[in-house]
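The values are calculated or read from the model by the stated rules, or taken from the named source; none is laboratory data. Because the structure is a prediction, the values reported are computed rather than measured. Using ideal geometry, Cβ is built from the backbone for each residue, glycine included, and neighbour counts are taken over all protein chains shown.
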Amino acid sequence: MKVKVTADSTCDLSPELLARYDVTLAPLTVIKDGQAFADGVTITPRDIFMHVAAGGSLCSTAAVSVGEYQALFSRYAGSCDGLVHITIGGEFSTCYQNACLAAAEFPYVRVVDSRNLSTGQGHVVLEACRLGERCTSLDQLCRELEELTGRVEASFLLSRLDYMVKGGRCSAVTALGANLLNLKPCIEVRDGKMQVVKKYRGSFAKCLAHYVKDRLDGRPELRRDRLFITYTPVEPDCLEAVRTAAQQYGHFQEVYETSAGCTVSCHCGPGTLGVLFIRR
């Protein structure tokens with residue numbers, strides 16, 4: 001059975017991985033100063049950071065429309081036996097709802113809610129590619145992917161809170177306290193929603209090393225085939241601290257370093273890094 005895999009642009013997979021697995025993206029819309037841009041096509045995270053640094057307002061994101069999904073799905077009519085589309089988590093966006101509405105017009109299309117974002121969603125996309133090579137039923141493939149979504153762990157450590165404050169996701173008082181105490185919050189996707197689960201204190205590089213140890217050390221239940229290190233711009237010593245800790249505590253067969261896309265960039269800003277993996 002020939003299965004085509006498509007995904008929302010929020011999966012943050014590198015161009016190399018997208019090409020290797022022939023994954024086609026549906027770009028979300030990024031709104032900057034009232035103008036609409038296609039995520040990863042006509043706007044990049046660097047554009048967002050430069051805009052905000054110059055005094056501009058925060059950018060926002062909008063879901064892929066039903067019509068845009070229909071146009072994407074129709075491109076593969078007759079060229080595959082089935083198509084599976086992986087969306088950003090339904091708690092974060094209406095993409096899943098829109099994709100389901102669009103898929104109703106195409107009997108060969110199925111939609112899976114990743115219940116995640118960034119390379120947490122990316123893990124589900126790559127599993128769809130892997131499982132799709134041997135599947136005999138689209139519905140069975142989707143059941144396996146839906147079961148998997150509850151075993152993907154996605155978290156990020158933030159070095160700064162100004163983007164969260166501007167976006168209304170954190171109060172100025174909380175941010176001031178975090179800055180005075182040199183605290184770095186860890187946010188994690190749980191039950192399809194993002195929440196703060198822990199705070200670290202100290203330099204960002206030191207906090208990252210502790211964060212990676214906490215996520216990976218002494219956890220025999222983790223699958224060790226693939227780890228994503230996903231980040232917005234960070235200092236070289238921070239990235240090196242994560243690489244060292246991941247090698248010491250992770251022992252993963254493959255470690256992929258990817259840049260976070262516009263969605264994470266819009267909401268978290270520069271100085272954000274996460275390790276994302278799957279439990280058995």
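When the range 252-269 is limited to residues that are more than 12 Å from the chain's Cα centre (by Cα) and at pLDDT 95 or above, the one that is farthest from residue 157 (Cα to Cα) turns out to be 253. When 128, 103 are screened for being more than 30 Å from residue 162 (Cα to Cα), more than 22 Å from the chain's Cα centre (by Cα) and buried (at least 16 other Cβ atoms within 10 Å of the Cβ), only 103 passes. On the stretch given as the range 194-245, residues that are in contact (Cβ under 8 Å) with a residue 24 or more places away in the chain, out of contact with any strand residue (DSSP E or B) (no Cβ under 8 Å at 6 or more places or on another chain) and among the polar types (S, T, N, Q) total 1. Residue 256: in the same structural domain as residue 212 (by TED's automatic domain parsing) and without any contact (Cβ under 8 Å) to a residue 60 or more places away in the chain, yes or no? Judged against the criteria, residue 256 is not a match. In the set 114, 118, 159, only one residue is assigned by TED's automatic domain parsing to the domain that holds residue 196 and in contact with a Ser or Thr (Cβ under 8 Å, 6 or more places away or on another chain); that residue is 159.
Of all residues in the range 14-47, exactly one satisfies the criterion of being outside the structural domain of residue 98 (by TED's automatic domain parsing), among the hydroxyl-bearing types (Ser, Thr, Tyr) and in contact (Cβ under 8 Å) with a residue 60 or more places away in the chain, namely 44. The condition of being more than 15 Å from residue 5 (Cβ to Cβ) and out of contact with any Lys or Arg (no Cβ under 6 Å at 6 or more places or on another chain) does not hold for residue 122. Residue count for the range 28-41 satisfying the condition of being within 23 Å of residue 96 (Cα to Cα) and either outside any strand (DSSP E or B) or hydroxyl-bearing (Ser, Thr, Tyr) (or both): 4. Residues satisfying the criterion are absent from the range 50-63 (criterion: at pLDDT 95 or above, part of a strand (DSSP E or B), among the hydroxyl-bearing types (Ser, Thr, Tyr) and surrounded by fewer than 18 Cβ atoms within 10 Å (Cβ to Cβ)).
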